[in-house]
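As structure tokens, the structure follows; a few thoughts come after it.
The values are calculated or read from the model by the stated rules, or taken from the named source; none is laboratory data. A quick note: this is a predicted structure, and the numbers were derived from the prediction, not measured. Cβ coordinates were reconstructed from backbone atoms using ideal geometry, including for glycine residues, and neighbour counts include every protein chain displayed.
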Amino acid sequence: MLEVHGQGVLLQGRSGIGKSDLALGLVARGHRLVADDMVEFRRRDGRLLGRCRSGFEGFMEVSGLGLINLKRLYGEQAFCAGAALSMVLALEPELPADYDGLRPVEFDWRLLDVCVPAWRLPCSSQRDMPLIVETALRLNQARQQGYDACSDLQSSLTSLLTKGAA
């Protein structure tokens, strides 16, 4: 779990998909690690708060590097004691064959009777995954404020067609 742009994001995926590499990339961009594998959640005011289990703060395992201490390598600002969970991102090798490309692939994610927005993301070394995660969080926030890019584009096209018909 990380804090990105002030929002808590939980990265999920099978072993070896790239969660730790992605987390390290996000920390290198100025975001903060909450916990690597040892996330504890509690419910407060209808939200999930995530934090690292005591004694594991700032530590993470990176394939090929082994155990690292982010606070030691990147400074105290690389670690966050806790964050409210805003989104779950499931990293997958590819999206379903019927994916239309217009909206995120959403799925239900619930813990302690709290439902959190959750999306599936295709993960690959050819993609700038830290940028994709940052953008997913911005997009989720915009959607929660009522913005939908598909509706926006449809309105623009309708307006152009109306002007063209006049």
Can you name the residue in segment 33-47 that is within 16 Å of the chain's Cα centre (by Cα) and of a type outside the set (D, E, K, R) and, of all such residues, is surrounded by the fewest Cβ atoms within 10 Å (Cβ to Cβ)? VAL39
Test ARG42 against the criterion of being in a strand (DSSP E or B) and of a type in the set (D, E, K, R), and give yes or no. yes
Can you tell me which residue is nearest to the chain's Cα centre (by Cα) among those in segment 133-152 that are under 20 Å from VAL27 (Cα atoms) and charged (D, E, K, R)? GLU134
Which numbered condition PHE59 fails, given (1) in contact with a strand residue (DSSP E or B) (Cβ under 7 Å, 6 or more places away or on another chain); (2) touching a residue at least 40 places away in the same chain (Cβ under 8 Å): (2)
Can LEU121 be described as closer than 18 Å to GLN7 by Cα, part of a strand (DSSP E or B), touching a helix residue (DSSP H, G or I) at 6+ places or on another chain (Cβ under 7 Å) and touching a residue at least 12 places away in the same chain (Cβ under 8 Å)? yes
How many of the residues in segment 75-92 are over 23 Å from ARG120 (Cβ atoms) and either touching a strand residue (DSSP E or B) at 6+ places or on another chain (Cβ under 9 Å) or among the hydrophobic types (A, V, I, L, M, F, W, C) (or both)? 6
So which of GLY64, GLY50, GLY30, GLY55 is out of contact with any Asp or Glu (no Cβ under 6 Å at 6 or more places or on another chain) and surrounded by 13 or more Cβ atoms within 10 Å (Cβ to Cβ)? GLY50
If you scan segment 76-121, which residues turn out to be of a type in the set (D, E, K, R), at pLDDT below 90 and under 15 Å from ALA136 (Cβ atoms)? ARG103
So which of LEU91, LEU85, LEU67, LEU131 ends up being part of a helix (DSSP H, G or I), among the hydrophobic types (A, V, I, L, M, F, W, C) and closer than 21 Å to GLY13 by Cβ? LEU131
Tell me yes or no: at least one residue of segment 99-107 is among the aromatic types (Phe, Trp, Tyr), within 21 Å of GLY18 (Cβ to Cβ), surrounded by 13 or more Cβ atoms within 10 Å (Cβ to Cβ) and in contact with a Leu (Cβ under 8 Å, 6 or more places away or on another chain). no
